[in-house]
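First comes the structure, then the notes that go with it.
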Amino acid sequence: NELASMMDVQVTQVISTCMSLGMFVSINQRLDAETLTIVADEFGYEIEFVKPQDEEASLDEPDAPESLVARAPIVTIMGHVDHGKTSLLDFIRKTNVTAGEAGGITQHIGAYDVTVSGNRKITFLDTPGHEAFTAMRARGAQVTDVVIIVIAADDSVMPQTREAINHAQAAGAPIIFAFNKMDRPGANADKIREQLSAMNILVEEWGGKYQTQEISAKQGLNIDLLLEKVLLEAEILDLKANPDKRAVGTVIEAALDKGRGIVTTILVQAGTLSVGDPILAGCYSGRVKALTDARGQRVNSVGPSIPVQVLGMQGAPTAGDKFNSLENEVEAREIANKRLQLQREQGLRTQKHITLDEIGRRLAIGNFKELNIIVKGDVDGSIEALSDSLLKLSTDQIQVNVISKAVGQISESDVLLASASDAIIIGFQVRPSGGARKLAEQEQIDIRLYSIIYDAINEIRDAMEGMLAPTF
Ligand code: GDP
């Protein structure tokens, strides 16, 4: 109906055009971008899309360069299970409490900030692992500035170590490797350096770009040096934010507390959040009733890179949701309601991911430049062969990227990565787990399974040449 009135044609004409494309639509149905383009084209119109992000962007005020000041880096710790992520987070939490500061960091709110030497600050996300990291990215949140990947030096580079590396690289986040458990007799950091170099990851000591630090999370050995390296990485990144505007940030956690109502942990990324500010996060709005920092202290306001617990949201947003403070509560409520309505109409998914069938359509529209692929397989050799052949399919128009390749069945974390990076997943002689299959359906991720390498390559090539018949 809306499209028809924009084009000034009868709504029945639009409906019958959709029917000729094989789509039976009702008068109030929302059409996806591709269908809109094709239908409009039939009537001689060209469609220009205003992305929802643009509307969101208007909630954030642009910054004058002189308004920007340095902010603390935000760090996520990843690595294989039992390699020492939690121990490292705990050690930093316990020790880096500056003198005179009231209490320690006793409660878990999802993130904490510490002051290190030279009165500099670092903020840690308190849920280690690449799943949480990529789940946030899949919701469009870019929070982490630096990733620490912990590898137990008495063990080896393990499957989840590789996954963590892939996930961090797909996010474009700089990585620092912490070789942990150096107190153990069997620890051999050089062996780990060698295994990394076999994956084309060359550490600094060997002339590469990756910083490393040998540590013992249990004994607290060299953690200060590790934190220095985080600060060095942060300096290179030149992290800045404008503290003098309405706050913008990301939801880290949200929960219902019996006594206090909805408790939301928010990481302020720019601006300053104060008690009394009207706020908006995901489909919910509210007004800040109280702010509590990671040490359990009430505060009146917080600036960039500082995590804080907020009381006063009307409903619980989801981790990874953007949050904004607005000038007035009515506006916040209106936007929240609009989002809630859109979510109801469209189901949970608002963003559509790439599928092989869709490449032809996107090519026709002319906005398709990169094809991201995740390759999972049964043995290393075939994964390498398949990945190499896929990379060679790149043309002047489309760049093929293999953003992750690994041995093993297709996992939920692969699906999350695909969702965060708009990728398709290719399984060679492997299948998705039950959970991965369900999540893929929900996130609308295209998983293709092959048992012959040539089939995989031919099908992708056909798709890239726009040869796969589009399905409407
Ligand atoms: P996570 O699964 O990566 O979070 O690993 P944890 O932090 O839970 O550590 C797994 C086990 O390794 C625990 O029993 C820790 O006490 C132990 N551990 C962690 N760091 C060190 C270390 O530096 N040295 C030694 N000897 N043990 C450690």
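Read-outs throughout are calculated quantities, based only on the coordinates presented, and are distinct from any laboratory measurement. Being a predicted model, the structure only gives us computed values, none of them experimental. Every residue, glycine among them, receives a Cβ derived from its backbone with ideal geometry; neighbour counts consider all protein chains shown.
Numerical summary
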| read-out | value |
| --- | --- |
| Placed amide H near G140: partners under 5 Å, 5+ positions off or other chain | none |
| Calculated from backbone phi, Karplus (6.51, -1.76, 1.60) coupling profile of the range 226-240 in Hz, x at Gly/Pro | 4, 5, 4, 5, 4, 5, 4, 4, 5, 4, 4, 6, 6, 6, 9 |
| Members of K85/K181; K121/K240; K94/K191; K240/K369; K121/K229; K94/K218 lying beyond 19 Å, as alpha-carbon distances in this model show | K94/K191; K240/K369 |
| Ranked by how many other beta carbons lie within 10 Å on average, peptides 424-430, 334-340 from highest | 424-430, 334-340 |
| Likely footprinting exposure, Y454, Y284, Y210, Y45, fewest C-beta neighbours within 10 Å first | Y454, Y45, Y210, Y284 |
| Helical contribution to [θ] at 222 nm, DSSP H n ≥ 4, -39,500 (n - 2.57), averaged over the chain, rounded to 500 | -10000 deg cm²/dmol |
| N180 long-range amide H proximity, modeled H, under 5 Å | I151, A152, A153, I215 |
| Calculated from backbone phi, Karplus (6.51, -1.76, 1.60) coupling profile of the range 151-158 in Hz, x at Gly/Pro | 10, 5, 6, 8, 10, 9, 5, 10 |
| Ratio Rg/Rh [Cα only; Rh per Kirkwood] for the chain | 1.00 |
| Rounded FRET efficiency, nearest 0.05, which uses the C-beta distance separating E66 from S26 and R0 of 45 Å | 0.30 |
| Estimated vicinal HN-Hα couplings, Hz - the range 386-393 in sequence order (Karplus 6.51, -1.76, 1.60; Gly, Pro = x) | 5, 4, 4, 5, 5, 4, 6, 6 |
| Sites E465 and N328, calculated FRET efficiency, Cβ-Cβ separation with R0 51 Å, nearest 0.05 | 0.45 |
